[in-house]
1. Just one of the numbered conditions (1) farther than 23 Å from residue 46 by Cβ; (2) modelled with pLDDT of 95 or more is not true of residue 354; which one?
2. Somewhere in the stretch 307-330, is a residue part of a loop (DSSP other than H, G, I, E, B), of a type in the set (Gly, Ala, Ser) and at negative phi?
3. Just one of (1) under 20 Å from the mean Cα position of the chain (by Cα); (2) over 22 Å from residue 129 (Cβ atoms); (3) among the hydrophobic types (A, V, I, L, M, F, W, C) trips up residue 298, so point out which.
4. Given the stretch 42-150, what strands (runs of 3 or more DSSP E) lie entirely inside it while holding 2 or more residues that are more than 20 Å from residue 243 (Cβ to Cβ)?
5. Tell me the residue from 271, 229 that is surrounded by fewer than 21 Cβ atoms within 10 Å (Cβ to Cβ) and in the same structural domain as residue 106 (by TED's automatic domain parsing), please.
6. Look through 129, 146, 80, 113 and report the one residue that is under 26 Å from the mean Cα position of the chain (by Cα) and surrounded by 16 or more Cβ atoms within 10 Å (Cβ to Cβ).
7. Is it the case, given these coordinates, that residue 239 is part of a strand (DSSP E or B), under 28 Å from residue 323 (Cβ atoms) and either among the basic types (Lys, Arg) or in contact with a Phe, Trp or Tyr (Cβ under 9 Å, 6 or more places away or on another chain) (or both)?
8. So how many residues does the stretch 3-21 have that are in a helix (DSSP H, G or I) and surrounded by fewer than 24 Cβ atoms within 10 Å (Cβ to Cβ)?
Amino acid sequence: MTDTFAIVGAGQVAVQAADSLRKLGHSGPIVIVGDEPHAPYQRPPLSKKFLSGELPAERLLLKPPSFFDTHRIDLRLGARVCGLDTAAHELRVANGDTIHYAKLLLATGSSPRRLSVPGHTLHGIHYLRSRADVEAIRVDLAQARRVVIVGAGYIGLEVAATCRTLGLTVDVLEMSDRVMNRVVAPEMSAFFTAEHEKVGVRIHTRTLLSGFEALPGQPDRVGNVITESGQQFPADLVVIGVGVLPESGLAAAAGIACDNGILVDEYTRTSDVDVHAAGDCVNHPSLRYGRRVRLESVDNAFEQAKIAAENMLGGHAVHDRVPWFWSDQYDLKLLITGLNFDYDQALIRGNKDDRSFSCCYLRGDELLAVDCVNRSKDYMAAKKLIAERAHFDLHKLADGDAPLAEAALSR
C-alpha cells in the first residue's frame with residue numbers, strides 16, 4: 001500500500017501540516033493539491049495592505065518556493081480535486097490525475113456566501129476571499145470614487161478602512177442593528193462605528209439589500225445599490241462580505257459526516273479512520289466551551305494542522321486551545337481571545353476615549369473571552385486565564401490601571 005500522505009487545499013493548514021509531518025519524521029511522499037494557481041499565501045493581509053498596494057504579492061507567501069523542494073513536498077497548483085473514494089484511498093483530480101493515499105488531510109477552507117439578488121452578475125461587484133479576488137478589486141479600485149460595502153463584519157470594516165484611507169467615499173450597508181453583530185458586544189460595535197464615522201465612512205444599519213442597477217450607458221456594469229426601502233447608493237465598486245460557507249462538498253459526496261462543515265473529533269479525525277480535516281472547513285468540539293464550533297481563524301488552522309499531522313502518524317494529540325482572532329482597522333488593533341457564547345455581562349477595562357481598552361465577557365464571575373483594542377497586555381494575560389477557567393473579582397477587573405491577572409481569584 002502507498003505511504004503517501006495527501007492534503008487537499010494549499011493554504012495555512014496544508015503548509016503547516018506538511019512541515020509538521022516532516023519534522024515528526026514522515027519520510028514518505030507528501031502531496032498538496034490546491035486549486036489556486038498561486039503558491040500558498042497568507043489571507044489576512046488581503047483586505048488590508050495587499051488591497052491598498054502597500055504589500056507586494058511575494059510578501060504574501062507562507063513559505064519561499066525552495067521550502068517545498070527542500071522538504072520533498074509535491075505541490076500541485078491549479079489542480080481541482082473532483083472526487084474522493086475513501087474505500088480505494090483515492091483522489092481524482094480534474095486534470096485526469098489519480099492520487100492514492102495512505103492518510104488524507106482535508107484542508108479545503110471556506111468560500112464567500114454569495115448573493116443572488118437582481119443585478120448580482122454586473123461587473124464591479126466583488127467578493128474578497130482569494131488573491132485573485134483582490135487583484136480584480138484593485139483594477140476597479142484604481143478608477144473608483146464611490147465604494148459600497150455590503151456587510152459590516154471584520155472583512156467589510158477592514159475593506160472600508162482601507163478604501164477610506166485611500167480617499168474614497170465609502171458606504172457600508174448592514175442588515176442587522178449594529179456592526180460586527182455576531183462577534184462583539186454592543187459597546188464594541190458602538191466604538192467601531194464611531195471610529196469609522198469620524199473619518200467619513202457612512203454606516204447604514206438595518207438596511208436590507210434588494211438588488212443592483214447598471215450604470216447608465218453601461219448595461220453590464222454596476223452603478224447603483226438598491227435597498228428594500230428604495231434607497232439608492234451610487235457605486236463604482238461594490239464589495240460583498242456577508243460571511244463564508246465551509247467547503248465540505250468533497251467530503252460529503254464521499255460519505256464523510258458533515259454538518260456546518262466536516263465533522264471531526266478532538267483528534268481532527270473525520271468519520272473515516274484515514275481522513276483528517278482541519279481549518280475553516282471543519283466543525284470541531286471545543287473542550288473549553290463544551291460545544292461544537294466552526295472557526296475562521298489563522299491560529300485555529302495553524303494549531304489544528306499540527307495536531308492533524310501528529311495524529312496522522314499514529315499519535316493521540318488533542319486539539320484543545322482557546323482560539324484567538326484579530327482585526328486591523330486604521331490604527332486600531334483589535335485582538336480577541338476566547339469565545340463569548342452565553343455571556344451575561346460585558347465589562348469594560350480602561351477608557352474607550354483613549355482608544356486603548358478591553359471588553360471582558362463573563363458568565364457570572366468566569367471570564368469567557370476578551371476583546372482588546374490597542375491593549376496587548378490584557379490579551380496576553382487573558383489567553384492563559386481563559387484556558388484555566390479563571391474566576392474574577394469584578395471590581396478589580398474593572399480597574400483598567402491594574403494588571404488583568406491581579407483581578408483573578410485564587411484557583
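The values are calculated or read from the model by the stated rules, or taken from the named source; none is laboratory data. Quick caveat, the model's predicted, so the values are computed rather than measured. Note that each Cβ is placed from the backbone with ideal geometry, even for glycine, and that neighbours are counted across all protein chains shown.
1. (2)
2. Yes - at least one qualifying residue is present in the stretch 307-330.
3. (2)
4. On the way: elements: 73-76, 81-85, 90-93, 98-100, 103-106, 110-112, 125-127, 146-150.
By residue number, 73-76, 81-85, 90-93, 98-100, 103-106.
5. Details: 229 fails: in the same structural domain as residue 106 (by TED's automatic domain parsing).
It is 271.
6. On the way: 146 fails: under 26 Å from the mean Cα position of the chain (by Cα); 80 fails: surrounded by 16 or more Cβ atoms within 10 Å (Cβ to Cβ); 113 fails: surrounded by 16 or more Cβ atoms within 10 Å (Cβ to Cβ).
Being under 26 Å from the mean Cα position of the chain (by Cα) and surrounded by 16 or more Cβ atoms within 10 Å (Cβ to Cβ) holds for just one of 129, 146, 80, 113, which is 129.
7. yes
8. Residues that pass the stated criteria total 2.
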